[in-house]
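Report on the following structure.
The values are calculated or read from the model by the stated rules, or taken from the named source; none is laboratory data. Worth saying up front: this structure is predicted, and the values here are computed from it rather than measured. When we count neighbours, we look across all protein chains shown, and the Cβ atoms used for this are built from the backbone with ideal geometry, even at glycine. Surface areas here come from the heavy atoms of the whole protein model, side chains and all, with no ligands, DNA or RNA. Shrake-Rupley method; radii C 1.70, N 1.55, O 1.52, S 1.80 Å.
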Amino acid sequence: MGEIVVKNNTVARVHYTGTLPDSGEVFDSSEGRDPLTFLVGHGKMIPGFERELMGAKIGERRTFTLAPEDAYGQPIDEAIMDVPRAQFAMIEEQTELEVGMQLITQLPHGPAPFIVKALTDESVTADFNHKLAGESLTFSVEVVELREADESEIAHGHAHGPGGVEH
Ligand code: ZN
């Protein structure tokens, strides 16, 4: 058997730092946390992230920049909607609504964060696009652990064990 590398149906644990290439601002990092754990080849990650790590060995570090299409996509108009302001009455009892603030609402498929894009007396314009939609993203990633997935992980479509789904 050769040395294991990142490929479909392996479980990778990685440390990563994501920055915006223009400003250098760090938008996410696993520094100080457990490594990110994922089953490769099952759509768990943004598309370019896995592609750029294919073939990497344990201990290898790769740095790459993804176009928006390989990351969170472009923002779409359909994800921006006007909601009657009356629906925010409970929130407004506790805090003042402001343009630019992030709130979370419960939708049938789960919690959905959105940004308040505009406000009138009657309505709130809610932007449900991912906050990184439209952005190119630079990642520096180090593979810290790597192993073959077992049958149940492949059947379930996610990693088990440390950092994975526990059930
Ligand atoms: Zn499972």
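Rundown of residues vs (1) touching a Gly at 6+ places or on another chain (Cβ under 6 Å); (2) in a helix (DSSP H, G or I); (3) at positive phi, yes/no style:
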residue	(1), (2), (3)
Glu52	no, yes, no
Gly59	no, no, yes
Lys117	no, no, no
Leu132	no, no, no
Val141	no, no, no
His158	no, no, no
Report, by residue number, each residue of region 1-50 that is among the hydrophobic types (A, V, I, L, M, F, W, C), surrounded by 14 or more Cβ atoms within 10 Å (Cβ to Cβ) and assigned to a strand (DSSP E or B). Val5, Val11, Ala12, Val14, Phe27, Leu36, Phe38, Leu39
Return yes or no: is Glu151 surrounded by fewer than 16 Cβ atoms within 10 Å (Cβ to Cβ), of a type in the set (D, E, K, R) and at pLDDT 95 or above? yes
Mind listing whichever residues of region 154-166 are open to solvent by less than 70 Å² (accessible area, probe 1.4 Å) and either within 11 Å of the ligand (Cβ to nearest atom) or without any contact (Cβ under 8 Å) to a residue 24 or more places away in the chain (or both)? Ile154, Gly157, His158, Ala159, His160, Gly161, Gly164, Val165
Out of curiosity, is Gly100 in contact (Cβ under 8 Å) with a residue 60 or more places away in the chain and either of a type in the set (Gly, Ala, Ser) or within 16 Å of the ligand (Cβ to nearest atom) (or both)? no
Going by the structure shown, is Gly43 at positive phi and either basic (Lys, Arg) or at pLDDT 95 or above (or both)? no
Members of region 129-148 that are surrounded by 17 or more Cβ atoms within 10 Å (Cβ to Cβ) and either within 16 Å of the ligand (Cβ to nearest atom) or aromatic (Phe, Trp, Tyr) (or both): Phe139
For the subset of region 108-128 comprising residues that are out of contact with any strand residue (DSSP E or B) (no Cβ under 7 Å at 6 or more places or on another chain) and of a type outside the set (Asp, Glu), which member is surrounded by the most Cβ atoms within 10 Å (Cβ to Cβ)? Leu119
